[in-house]
Amino acid sequence: MTGTTFEPVPRTARPVLGYAFTLAAAGFFAVNGTVSTLALDAGIEPARLTALRCTGAAVGLVAVLAVVAPARLRITWREVPFLAVFGVVGVALTQFLYYVAIGRLPVGIALVFEMTAPVLIALYVWLVRREKVRSRLWLALLLSLSGLVFVAEVWEGGGSLNPVGVGAALLAAVCLATYYLMGERGTATRDPVTLTCWSFVAAAVFWAFAAPWWAFDAGVLAERVPVSIGSAEFPLWLLVGWIVVMGAVVPFWLSIAALRHLAPTAAGLVATAEPVFASVVAWLWVEQVLSGWQVLGGAVVLTGILLAQTARTAPAPSPLPETPAALSS
C-alpha cells in the first residue's frame with residue numbers, strides 16, 4: 001500500500017455513447033434480476049448467492065486491473081475503514097437485501113422500492129448537510145409515497161405484497177443511498193473503477209465471515225435448474241456464472257465507462273429505466289404479471305425519482321452502479 005491516489009479520467013464529449021452504455025448496463029442488470037430469481041427459486045440462499053456474486057466480481061475486477069493497470073490497485077491504510085464500510089453497507093448489504101426482496105416480490109416492484117434511494121439522498125443532504133434543494137423535492141417525495149401506495153395496493157387487506165420483501169427492498173434503498181453518498185466522497189480522491197473494485201473486495205471479505213465457505217455445499221451448483229424456457233434446464237453454476245460476469249462485472253464496467261461521457265445526474269436519470277426493463281423481462285420470461293395499479297404506481301414513483309435526481313443544487317453523487325448500483329440492483 002502506498003500514498004498514491006488517482007484522479008478520475010476526464011469525460012469526453014460523446015453523450016450518445018454514454019447513453020448507450022447506461023442503457024446497456026440497465027438491460028444487463030434487468031436480466032440479472034430474473035436470472036437471480038431462478039437461482040433463488042432453485043433453493044440457494046440469498047446470503048450465499050450474494051457471497052458468490054460479490055466474490056466472483058471481486059476476483060474478476062482485481063484480475064483485470066492487475067493485468068491492465070496494477071498501480072491503480074494501490075491503497076493506503078487510511079482508506080481501509082472507508083472502503084470496508086462502503087463495501088459492506090453499499091455493496092454486500094444492498095445486494096443481499098435486494099435478493100431477499102426479489103425472492104418475495106416481483107423483480108420490477110422490488111426495484112421500484114429500492115430505487116427510491118435518490119429521494120432519501122435529497123432528504124439527507126437537506127436535513128443533515130443543510131444543502132439547499134429545489135422545491136421539486138417535495139413533489140418528488142409526494143409522488144414517490146403516493147406511487148408506493150399504488151404499488152403495494154394497500155387497500156387489498158393491508159397490502160398485496162409480502163411485508164418482508166417490502167421491508168427488505170426499503171432497507172436496500174437506504175443502503176443504496178449510503179452507497180451513492182459514500183461514492184460521492186470516495187470519487188473525490190480515487191477513480192470509480194478502483195473504488196468499485198475495492199468495494200467488491202470488502203464485500204467478499206465480509207461474506208467470507210458472514211457466510212463461511214466451509215459451510216457451503218458446492219455440490220448444489222451441479223444441480224439442474226428449470227429456466228422457464230420450455231423444458232430446458234441449466235446447471236446452477238451456469239446461472240451463478242451469468243450473475244457474476246454478465247450481471248455484475250460487465251454492467252458495472254458499462255456504468256463506470258458511461259461516466260466518461262455523461263454527467264452523473266444524466267446517467268442516473270437514464271438508469272431509472274432498469275425497473276421498466278426488469279418488469280418486461282420478468283413478464284416475458286417467468287410471467288411475473290403486474291396489476292394495472294402496480295404499473296401506474298411504478299410510473300408515478302419513477303417520475304418522483306426523476307425529480308429527486310435533479311433536486312440538489314450542488315452536484316449530485318456519481319451513479320456508481322448497483323445499481324446498484326448498486327452494487328443496486
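The values are calculated or read from the model by the stated rules, or taken from the named source; none is laboratory data. Keep in mind the model is a prediction, meaning the values are calculated, not measured. Every residue, glycine among them, receives a Cβ derived from its backbone with ideal geometry; neighbour counts consider all protein chains shown.
Report every pair of residues separated by at least 6 positions or lying on different chains whose Cβ atoms are under 8 Å apart, first residue within region 209-237 and outside any helix (DSSP H, G or I), second exposed (fewer than 10 other Cβ atoms within 10 Å of the Cβ).
Matching pairs, first to second residue: 228/287; 235/222.
Let me spell it out: the conditions are (1) in a helix (DSSP H, G or I); (2) surrounded by 19 or more Cβ atoms within 10 Å (Cβ to Cβ), and residue 85 meets all of them except one. Which number is the exception?
It fails just one condition, (2).
Say whether the condition of being on the phi < 0 side of the Ramachandran plot, of a type in the set (D, E, K, R) and not in a helix (DSSP H, G or I) is met by at least one residue in region 183-192.
Within region 183-192, the first condition is being on the phi < 0 side of the Ramachandran plot, and the residues that meet it are 183-192.
After this cut, where a residue has to be of a type in the set (D, E, K, R) as well, the list is 184-185, 190-191.
Adding the requirement that they be not in a helix (DSSP H, G or I) leaves 190-191.
Checked region 183-192: at least one residue is on the phi < 0 side of the Ramachandran plot, of a type in the set (D, E, K, R) and not in a helix (DSSP H, G or I).
So residue 178 passes all but one of these: (1) hydroxyl-bearing (Ser, Thr, Tyr); (2) surrounded by 20 or more Cβ atoms within 10 Å (Cβ to Cβ); (3) not in a helix (DSSP H, G or I). Which condition number does it fail?
Here residue 178 clears every test but (3).
Please verify whether region 184-200 includes one or more residues that are crowded, with 16+ Cβ neighbours inside 10 Å, of a type in the set (Gly, Ala, Ser) and modelled with pLDDT of 90 or more. Please lay out each step first, then the result.
The first filter runs over region 184-200 and keeps only residues crowded, with 16+ Cβ neighbours inside 10 Å, leaving 184, 186-187, 190-200.
From what's left, of a type in the set (Gly, Ala, Ser): 186, 199.
Right, trim to modelled with pLDDT of 90 or more and you get 199.
Yes.
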